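Novice: Just dropping this structure here.
The values are calculated or read from the model by the stated rules, or taken from the named source; none is laboratory data. Remember, predicted model here, so these are calculated numbers, not experimental data. Note that we place each Cβ from the backbone using ideal geometry, even for glycine, and neighbour counts take in every protein chain shown.
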Amino acid sequence: PRPIIIDTDPGIDDAVALAIALYSEKLDVRLITTIAGNVSLQKVTTNALRLLKFFGKNVPVALGADRPLIKAPIDASDIHGSTGMDGFEFEEPTEDLVLKEHAVNAMRRVIMESDEPITLVPIGPLTNIALLLKMYPEVKEKIAEIVLMGGSTTRGNMGVMSEFNIFADPEAAKIVFSAGLPVVMVGLDVGLKALVYPEDSAELKVMNKTGNMIYQLFQKYRGGSMKTGLKMYDSCAIAYLLQPEMFQVADTFVDVELNGSLTAGCTVVDLKGYLKQPSNAKVCVDLDPDMFKQWFMESLRKCN
Ligand code: BDR
Ligand code: CA
């Protein structure tokens with residue numbers, strides 16, 4: 001199995017992505033790091049621990065940054081509820097899985113100790129990853145790839161052009177895209193096509209214990225408005241790892257707009273090569289929605 005570290009801010013769609021990753025026999029989740037994003041650092045960490053207890057999986061958890069590098073923190077509790085995972089009554093977790101190290105130090109250790117290069121899978125704001133690359137540049141040689149959920153080549157979900165994870169910490173995102181590492185951007189272009197409808201949710205309800213929990217979270221995700229489809233953004237990053245054939249990918253140059261008066265926090269994806277810069281990312285520009293749906297349901301069937 002491919003060794004990965006998931007950096008996350010659960011988050012209802014993060015919860016689904018974690019379920020799929022933790023139950024996949026093709027992935028070896030070595031570490032989960034938490035990042036303030038959808039809700040506060042404390043809340044997202046509790047949520048990660050609740051999920052691990054629910055799944056019965058013993059993956060170490062390290063707490064990361066409680067705010068962005070420069071910007072004031074924002075959250076997405078309007079989408080995920082005030083707990084970050086409204087809709088299901090989880091058992092209260094113990095702190096047994098929590099490492100004493102900061103996420104950045106834990107990532108460094110896990111990467112440097114590994115025999116094989118590690119893939120980083122950030123599905124929240126990129127603060128922890130940026131800090132890691134700046135503080136411990138020696139890790140770069142042992143990072144296989146960074147497969148991140150964030151950004152967009154077209155519309156945003158936080159601003160006209162800006163996607164939440166990039167908008168939340170654009171300076172961190174800029175550091176990650178310019179690090180000289182293989183980056184895969186799994187953004188809104190594909191997230192907006194990774195949809196779960198009421199009939200799919202009804203199937204999850206009776207699928208298994210995990211499916212039922214996710215069904216209950218979905219009743220609160222985005223205020224429960226499921227008719228136009230719930231977007232499984234973060235699962236797309238996991239889908240890229242496990243079934244890249246469902247994506248159309250463009251090798252291109254990506255930068256992050258820090259100061260635009262209308263476009264701050266958007267990814268500038270130079271698909272036409274105007275900026276004459278060498279490619280620094282593979283950008284997922286399209287997704288086969290049927291393949292995604294089939295993969296998604298099949299993956300969740302593997303859960304308990
Ligand atoms: C991203 O923002 C968060 O609300 C989701 O968990 C996802 O990571 C989508 O823009
Ligand atoms: Ca997320």
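Novice: Does LEU99 fit the bill of being more than 20 Å from the chain's Cα centre (by Cα) and either of a type outside the set (Asp, Glu) or buried (at least 17 other Cβ atoms within 10 Å of the Cβ) (or both)?
Specialist: yes
Novice: What are the pairs, 6+ residues apart or on separate chains, where a residue within segment 177-191 that is of a type in the set (D, E, K, R) has its Cβ under 7 Å from a residue that is surrounded by fewer than 22 Cβ atoms within 10 Å (Cβ to Cβ) and not in a loop (DSSP other than H, G, I, E, B)?
Specialist: Hits for this filter: ASP189/VAL285; ASP189/ASP286.
Novice: Wholly within segment 199-274, which strands (runs of 3 or more DSSP E) include no fewer than the required count, namely at least 1 residues that are closer than 30 Å to PRO1 by Cα, at pLDDT 95 or above and among the hydrophobic types (A, V, I, L, M, F, W, C)?
Specialist: Passing ranges, in order: 247-252, 254-256.
Novice: For segment 137-144, indicate whether the set of residues that are at pLDDT 95 or above, crowded, with 19+ Cβ neighbours inside 10 Å and either among the hydroxyl-bearing types (Ser, Thr, Tyr) or not in a loop (DSSP other than H, G, I, E, B) (or both) is non-empty.
Specialist: Yes, that holds for at least one residue.
Novice: Still on this structure, please answer the following. Among (1) under 28 Å from LEU181 (Cα atoms); (2) more than 16 Å from ligand 1 (Cβ to nearest atom), which single condition is MET161 missing?
Specialist: Every condition holds for MET161 apart from (2).
Novice: Consider segment 125-145. How many of its residues are within 15 Å of ligand 2 (Cβ to nearest atom) and within 16 Å of ASP255 (Cβ to Cβ)?
Specialist: Residues flagged as within 15 Å of ligand 2 (Cβ to nearest atom) and within 16 Å of ASP255 (Cβ to Cβ) within segment 125-145 amount to 1.
Novice: Testing VAL29 on (1) more than 15 Å from PRO125 (Cα to Cα); (2) among the aliphatic types (A, V, I, L, M); (3) more than 16 Å from ligand 2 (Cβ to nearest atom), one condition comes back false. Which one is that?
Specialist: The number of the failed condition is (3).
Novice: So in segment 23-67, with the set limited to residues that are within 16 Å of ligand 1 (Cβ to nearest atom), assigned to a loop (DSSP other than H, G, I, E, B) and of a type in the set (A, V, I, L, M), which one is surrounded by the most Cβ atoms within 10 Å (Cβ to Cβ)?
Specialist: ILE35
Novice: Next up: Name the pairs: first residue in segment 216-231 and closer than 15 Å to GLU203 by Cβ and within 16 Å of ligand 1 (Cβ to nearest atom), second residue modelled with pLDDT under 95 and of a type in the set (A, V, I, L, M, F, W, C), Cβ to Cβ under 8 Å, at least 6 apart or on different chains?
Specialist: PHE218/MET226
Novice: Identify the residue in segment 164-185 that is under 11 Å from LEU69 (Cβ atoms) and touching a strand residue (DSSP E or B) at 6+ places or on another chain (Cβ under 6 Å) and, among all such residues, is nearest to ligand 2 (Cβ to nearest atom).
Specialist: ALA173
Novice: Now a separate question. Testing GLY87 on (1) outside any helix (DSSP H, G or I); (2) within 23 Å of GLU145 (Cα to Cα), one condition comes back false. Which one is that?
Specialist: Result: GLY87 fails condition (2) only.
Novice: Something else: How many residues are among the acidic types (Asp, Glu) and farther than 16 Å from LEU241 by Cα if we restrict to segment 255-304?
Specialist: Number satisfying all stated conditions: 4.
Novice: Another question, then. Taking the residues in segment 217-236 that are among the small types (Gly, Ala, Ser) and more than 11 Å from ligand 2 (Cβ to nearest atom) as candidates, determine which candidate is surrounded by the fewest Cβ atoms within 10 Å (Cβ to Cβ).
Specialist: Only one residue fits best here, namely SER225.
Novice: Follow-up question, since we're still on this one. Would you say GLY156 is surrounded by fewer than 24 Cβ atoms within 10 Å (Cβ to Cβ), in contact (Cβ under 8 Å) with a residue 40 or more places away in the chain, under 17 Å from the mean Cα position of the chain (by Cα) and farther than 14 Å from ALA281 by Cβ?
Specialist: yes
Novice: Under 19 Å from ALA172 (Cβ atoms), within 16 Å of ligand 2 (Cβ to nearest atom) and touching a residue at least 12 places away in the same chain (Cβ under 8 Å): does that describe ASP14?
Specialist: Criteria met by ASP14.
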